[in-house]
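*Asks:* I have a structure I would like to understand better, so I am pasting it below and will then ask my questions one at a time.
The values are calculated or read from the model by the stated rules, or taken from the named source; none is laboratory data. Computed from a predicted model, the values in this text were never measured in an experiment. Positions of Cβ are generated from backbone atoms using ideal geometry, with glycine treated the same way; all protein chains shown enter the neighbour counts. The protein model used for the area step is the full one, side chains on, heavy atoms only, and it has no ligands, DNA or RNA in it. Shrake-Rupley method; radii C 1.70, N 1.55, O 1.52, S 1.80 Å.
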Amino acid sequence: MRLIRDGLSLEVYHRDADDMLRLAMLRDWLDGQGWFDYVQHRMLADGVSLHWSRYIDAGLAVFLLPLSRLLPQEAAETITMILWPGLLYGLLIALSGLGTRRLLGAAGGIAAMICTLFWAKLAHGEFTAGRIDHHNVQILGCSVMLFAFGVPQKDHRAGLRAGVFAACGFGLSLSAGLEMLPPMLLIWFTAGLRLACGDSAMRPWLSAFVISAAILLPLLMIGQTAPEEWLAGYCDELAPPVLLVVMTGSLASLLGVRAAACGLRAGPVILIMLGAVALGFALASPLLAPCLAGPYSDMTAEARALIPLRIFDTQPAPGVFLEKGEVFDLVMLPLLVGMLGAGGLGVLAWREMSQSQRWMLILCLGIAALGVFGSLKQFRAMNMAVSAFPFLGGFIAARLLVMWQNGQRLLSLLALLAVVIAGFFPAWAMRLPREMLPDPAVRSKPKAVVRSQGSCLQRGGLQWLDRYPPALIASSTTLGMPLLLETHHSITAVPYHRSGVNFWNGYDPFVSEPEMLALIARLPVGYVLICRSENVGDRPFAADLQNEHAPLWLEPESGVPPQFLLFRVTRPAGG
C-alpha cells in the first residue's frame, strides 16, 4: 500500500537522476534504439555512452508494454514504477525472512522481515516507488548469494544447488552494475576460509558456485554487450576486467577444494588459494590496474570536486551527519545499532551457536563494516551493508527470545528496549549529541548546494518546451534529466560519471558570462533554461539571469511558465 501511495503521488520527480535516466533509456529502446546501443544521443552534441544493463530495461518492459496497450503512456509508466520496485522488495522481504528463519528460527525470520520492511534505507530509499535504476537489483542479487552461503545444506546435492543459486545472485547483481562487488567478494572469500577450516559442506557449494559463475558471467556479458566491445576494458560494468577477477578466483577456489579433499590443513589450503589469486592478479595487472583509480578517474579535478556538492549521497558520512542529520539517523544509525547489538550478543552466545550461525554472523558483521567504512568516503557506499542488516536484526531478536526463555527476562527486556530506542527512534536518540557540536565545526563543513525540487520539477512541467524546435539546451544539472525525459531537446548537463563534461557544464557556464560564451563556442547551444527558484548562490551569472539581467546575446522568450526563464542564444557559436 505504501508503494502504491508513493507511486500515485509522484507529482515531483524522484530525487535521483538515475531513475529518470533509466526511464529515458527504456523509452528510447522501446522506440527502436538497438539492444546494444547504449549511447544517449541527446546528451551533449554527439551523445554519451552509458554503462547500464539492458536486462533491467527488459524486466521493466515486461510490465510497461502490456500496460501501455491498456492505459495512457504516463499512467502505464507510473504503474510500472510502482510494480518493479514492489516486486523486487517483496522478493527481498521473503528471502530475508525465509533465509534467516532457516538459520535462527521463526522469531529471527519475523524480525528479519520487519527490519527489511521498515528500515528507511530500503523502505524509503532503494525500494520505494520510482526506484528503477539498478541499485535494488544489485542488493537483491547480493542477498541471494549471502543466504545461499549461510543457510545450512543437508547433503551434497543441496550444497550444489545452493552454489548454483549463489552464482545466479552473483551474476544478477554484476550484470546490473559493480557497486556490490566488494561484499560479494567477501562472501566468496569467507566460503574459501570456511572450506580451509574443515567445513566439508563448502566443497560442493564452492565447486558449484565457481563453475556456474565462470559459465554464467561471460554469457551475461555477451548478452548485453556489442561484439565489438567484448574486449573493451571497462571498469564500471560487466566486462573483461571483472571476468578476469572471477576466473582467477574460480581457479583458486577449485585448487582449494582439491587441496582440502586431499586432507591438507587450513594453513596450506589458504596459502594455495591466496597464491593462485596473487599470481592471477599479477598476470592480469595490465588490464586490472587502471580500474584501481575508481569510476571518476577520467574526470577533471574540478568536475570531481563538484560531485559531492551536486549529488548528496556522494558526501562522506560525517558530512551527512552534520548537514542531513535526519538521513544519517534513519539510515546509518539502525545499522550501527544492529552491528553492536548482534556482535555483543554473539560474543555472549558463541558456545551455544551452530557452526552455520557463527559463520553467518561473522560474515554479516564483516559486510556491515565494509559498508560503514565505505560510507566514510561516500555515503552511498553503505549500500554494500544492506544485505547483512536483516540477518543482524533477526539475530538480535532470536537471542533475546532465548534469553527470555532461559529466565533472563529483565535483561532481555532492557536489551530490547535499548535496541528499539536506538534503532527505531533514531532522530530522538541522536538529536542531543548533534546539537552539542560547536557551531564553528558545523560552519566549517562545506555545504552541499540545495537543489530545487519544487515547481520546476513537477511531472509534465517542461512539456511546454516541445513547442520549440529540437535544440541543445544549457541548464543546471538539476534540470538536465527532466529535460531529457520530458522533451525532444538535447541537454548539456547531467550528473553522470562517464562524462565529466556533463557535470562541469551544469556549473561553470553559470558562474560568469565568459564561461557561458565558452560553452556556446564548444557546443551548438540554442537555448538557456533557468529555474527561478533554484539555489544558485555559487553561480553569479545564473543569479543575474534569474533577476532577468541578461546580456544582449541572450534574448528572453515570451509565454514561458512563470517558474522558468528561457533565453534564446542569438550570438553565433564562437562569435
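*Asks:* At a 1.4 Å probe radius, carbon and sulfur cover how many percent of the accessible area of region 123-232?
*Replies:* 69 percent
*Asks:* Please enumerate, by chain and number, the aspartates and glutamates with C-alpha under 12 Å from the C-alpha of K324, excluding those fewer than 8 residues away in the same chain.
*Replies:* Those aspartates and glutamates meeting the cut-off are D313.
*Asks:* What is region 97-223 by shape, rounded, prolate or oblate, if you read a ≥ b ≥ c off the alpha carbon gyration tensor as root eigenvalues and call it rounded for a/c under 1.5, prolate for a/b larger than b/c, and oblate otherwise?
*Replies:* oblate
*Asks:* Return one number: the angle in degrees, 0 to 90 and rounded to the nearest 10, between the long axis of the Cα atoms of helix 135-150 and the longest principal axis of the Cα atoms of the chain.
*Replies:* Tilt relative to the chain: about 0 degrees.
*Asks:* Separate question: Given the peptides 255-266, 358-369, arrange them by the average over their residues of other C-beta atoms within 10 Å, most packed first.
*Replies:* Ranked by mean Cβ neighbours within 10 Å, highest first: 358-369, 255-266.
*Asks:* What's the magnitude of the charge dipole for the chain around its Cα centre, counting Lys and Arg as +1 and Asp and Glu as -1 at the beta-carbon? Answer in Debye, nearest 20.
*Replies:* 2240 debye
*Asks:* To continue, here is another question. Compute the length gained on full extension between E323 and S285: take 0.36 nm times their separation in residues and subtract their Cα-Cα distance, giving the result in nm to one decimal.
*Replies:* 9.7 nm
*Asks:* Is the chain rounded, prolate or oblate when judged by the Cα gyration tensor, a ≥ b ≥ c being the square roots of its eigenvalues, rounded requiring a/c under 1.5 and prolate requiring a/b larger than b/c?
*Replies:* Prolate.
*Asks:* Also, quick follow-up: Classify region 245-344: rounded, prolate or oblate, from the alpha-carbon gyration tensor (a ≥ b ≥ c, eigenvalue square roots; a/c under 1.5 rounded; otherwise prolate if a/b is larger than b/c)?
*Replies:* Here region 245-344 falls in the oblate category.
*Asks:* What's the ranking of 515-522, 209-216 by average number of surrounding C-beta atoms within 10 Å, highest first?
*Replies:* Packing order, densest peptide first, comes out as 209-216, 515-522.
*Asks:* Which of the peptides 109-116, 347-354, 466-473 is most tightly packed, and how do the rest follow, judged by the mean count of other Cβ atoms within 10 Å per residue?
*Replies:* Per-residue Cβ counts within 10 Å, averaged per peptide and sorted highest first, yield 109-116, 466-473, 347-354.
*Asks:* I'd like the isolated cysteines in the chain, meaning no second cysteine's beta-carbon lies under 4.7 angstrom from theirs.
*Replies:* Result for the chain is C115, C142, C168, C197, C262, C364, no neighbouring Cys Cβ within the cutoff.
*Asks:* Got a sec to turn the phi values of region 47-64 into Karplus ³J(HN,Hα) couplings, 6.51 cos²θ - 1.76 cosθ + 1.60 with θ = phi - 60°, whole Hz, x for Gly and Pro?
*Replies:* Each residue of region 47-64 in turn: x, 10, 7, 9, 10, 7, 8, 6, 4, 5, 4, 5, x, 5, 5, 4, 8, 6 Hz.
*Asks:* To continue, here is another question. Per residue, how much accessible area does the chain show when a 1.4 Å probe rolls over the protein heavy atoms, in square angstrom?
*Replies:* 43 Å²
*Asks:* What aspartates and glutamates could a cross-link reach from K154, if we take a straight Cα to Cα line under 17 Å and drop same-chain neighbours fewer than 8 places away?
*Replies:* Within the straight-line limit of under 17 Å, K154 reaches these aspartates and glutamates: D199.
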